[in-house]
Structure formats: structure tokens, C-alpha cells
Amino acid sequence: MNGDEQGRGEGDSDGRGKGNSNQAGPARSSREEARYSRVLERGLLLLACFTGERPELGASELAQMLGIGRSTAHRFARALVELGYLQRTASRKYRLSLGVLDLGMAAFSAIGLREHAHPHLRELARRSGLTVALGVLDGPQVLVVDEVRAKRKGRKGALRGGGAGGCGTHLPAYCTSLGKVLLAHLPSDWQDELISEMKLLALGPKTIWSVRELRAELQDVRAHALGSDDEELLAGTCAIAAPVRDESGDVVAALSVAAHRGVLELDELVKRNVAPLTDTAQRLSARLGSPDASL
């Protein structure tokens, strides 16, 4: 081969190489995007397999439901465990974990919970003359997503933020009426996991800081669909809360009224306001599509 031929050969080879490289880049990128899309789709479909009727599923069941191999289902499930959206059970099956709850709460807040609820909160504040708050669970805390403070001239009954902060505030779940309602209606294993993450500090004169007493309190809250806080978060304050449910009947938020104890003691707060509070919670639940009118 002479120099010209060698040059042409190298030139052709380089040209073809560059051409292939230019074409392979976008092609490879498209293939990778398609693959990632399929992986994401399968992961979401796998999460959707879990329902109230099917809280636990094994790899074989997931594979059959999704039409994929058992090893593939197991691999996807393991990845979701690592990401915090699934957890393994004692029977070596899978179930949804708190990561899904956090994601759902964030989505629920984003799609207009406050928008739906605000007129109801405003009316309850007007009727009660107290501070009304709406909260959702955010890990071991409560996120206050809306708050309406009643206008009371010359009186201090209305209390900002149920004792602390206001809209957008995070409050500890274990010592607030909102938090107790939300914790009480969680599946027992989720509740156990959240309580294990909490540091139970005595924030007020009557804070429950014993895990045993907290569990007993949550059982009572669930049985009566009413949570209370009597100087647990802050001295001189009290509050009661009721559950708000969505179209599946699950508790997705809690609604509370709060007051200074100098104006209303807890017993009087319950006597005067439990009916309008639960009525408002029911109407808000109906607005969210809840099929169950009895909370």
C-alpha cells in the first residue's frame, strides 16, 4: 500500500469512525432514555400493585401481576426498598413504607388541599371564635398547611398556630392534637416506625413523654376519632382535632381548634366545639370524595 492509499484508507476509516460516533451518540441517548422510562414505568406500576386489600405482596405475586419474571420483580422491589418506598416484612414479602406516605402527603398538599379546605376553616373559625388549623403528617412531624385565626376584639381566646407558629410550621406529632389524630390512623407498623424516630421531650407541663402512654393515647384517639392537647405542646393552651379522609376513606389530614386555657379549659373546649369541628371535618372529607360520612 502506497502513501496515498494509506492516507485514503486512514481518512476513510477516520471519516467512518466520526460518522458512526456522531450517529451513535443520539441513538445511544434515545435508547437509554427509553430504557429509563421503562424502568420508571415498571417501578410505578409495581407500587400501584399494593392496595388496602393487598397490603403485602411477594416477588412471585408482583411478577404475575406485572407480567415480568420473578427475578426482575425482586430486583425492582429491592431497589424500591433501598429508595425507601417499600419495606420487607417478616414473611419476606414487601409492603409500602413511609416514603410513599411522605410522597403522597407532598402531592396531596400540592394539588390543592388548602384550596379545598380554606373556606371550611374560615367558617369554623367564625363559628368557634378560635384558631383553626389543618395539618398533614410529614415524617414524625405535622406540617400546618393552613390556619385561620378568628377575629376577637378584646379577647385572647384565638391562638396562633395551635400554640406555636402558623401556616407552614412543623410541629411535633406526639404532643399535638393534629399529630395524634394522624399517628393514630396509621397502620401499626408505620406508627411503630415513626414513634421509634421520635425523641419524646417534655415541651409543656403535661406532655406525654412515655412511649407506652403515647401508644395508649393513640388507641383512644383512634377509637373516638378525636385527638386532644392539654398543655402538652405549650403551657396555657389546649386544642382538639378530628380526622379528614379522602376518597379511599384513609385519613390524610387533621383539623383542629385551639384556645388559651384562660378562656376555655379542655373540657369546655370539647363541649362547645366538638360538634362543629367534626361536622366541618366531615364536610371537608366529603369535598375530598370520602364515601364515609361517619368519621
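Each value in this text was obtained by applying a stated rule to the coordinates, not by laboratory testing. As the structure is a prediction and not an experimental result, all values here were calculated from the model. With ideal geometry, Cβ positions are generated from the backbone for all residues, glycine too; neighbour counts draw on all protein chains shown.
Greater than 26 Å separation of Cα atoms is the criterion. Which listed pairs, LYS151/LYS206; LYS180/LYS271; LYS93/LYS180, meet it?
Check vs 26 Å cut-off fails for LYS151/LYS206; LYS93/LYS180.
With a/c under 1.5 counting as rounded, go ahead and sort the stretch 102-287 into rounded, prolate or oblate using the C-alpha gyration tensor (a ≥ b ≥ c being the square roots of the eigenvalues; past the cut-off, prolate if a/b is larger than b/c, else oblate).
Details: a/c = 1.58, a/b = 1.11, b/c = 1.42.
Oblate, since a/c reaches 1.5 and b/c is not below a/b.
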Give the calculated FRET efficiency between ARG75 and SER196 to the nearest 0.05, with a Förster radius of 45 Å applied to their Cβ-Cβ distance.
0.95
Under Karplus coefficients 6.51, -1.76 and 1.60, residue-wise ³J(HN,Hα) of the stretch 225-233 in Hz, glycine/proline x
6, 8, x, 9, 9, 10, 6, 8, 7
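With a 10 Å Cβ neighbour count serving as the proxy for reagent exposure, in which order, fewest first, do SER128, SER248 appear?
Values: SER128 22, SER248 13.
Going from least to most buried by this count: SER248, SER128.
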Backbone HN-Hα couplings from phi across the stretch 246-262 [Karplus 6.51/-1.76/1.60, Hz, Gly and Pro as x]:
9, 5, 8, x, 7, 6, 10, 7, 9, 10, 10, 10, 9, 8, 6, 5, x
Which order do ASP189, ASP138 fall in if you start with the one that has the fewest other Cβ atoms within 10 Å?
ASP189, ASP138
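Taking the Cβ of ALA73 as the center, what net charge do the other residues with Cβ under 13 Å away carry, scoring Lys and Arg +1 and Asp and Glu -1?
+4
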Please list, in chain and number order, the residues 5+ apart from VAL142 or on another chain whose amide H is under 5 Å from its amide H, with Hs placed from the backbone.
LEU171, ALA173
Which of rounded, prolate, oblate describes the stretch 178-263, given a ≥ b ≥ c as roots of the alpha-carbon gyration tensor eigenvalues and a/c under 1.5 marking rounded, otherwise prolate only if a/b is larger than b/c?
oblate
Give me, ordered by chain and number, the residues 5 or more places off THR237 or on other chains with an amide H under 5 Å from its own placed amide H.
GLU231, ARG261
Please list 3J(HN,Hα) in residue order for the stretch 200-206, calculated via the Karplus relation 6.51 cos²θ - 1.76 cosθ + 1.60 where θ = phi - 60°; whole Hz, with x for glycine and proline.
7, 9, 7, 8, x, x, 10
Could you list CYS49, CYS175, CYS238 in order of exposure, starting from the residue whose Cβ has the fewest other Cβ atoms within 10 Å?
CYS49, CYS175, CYS238
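Could you give the dipole magnitude of the stretch 157-262 about its Cα centre, charging the beta-carbon of Lys and Arg +1 and that of Asp and Glu -1, in debye to the nearest 20? Can you show the working numbers first?
Working: 9 positive and 14 negative charges, 76 e Å.
Once rounded to the nearest 20, the dipole reads 360 debye.
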Amide H of ALA253: which non-local residues (sequence gap of 5 or more, or other chain) have their own amide H closer than 5 Å, using H built in the peptide plane?
VAL244
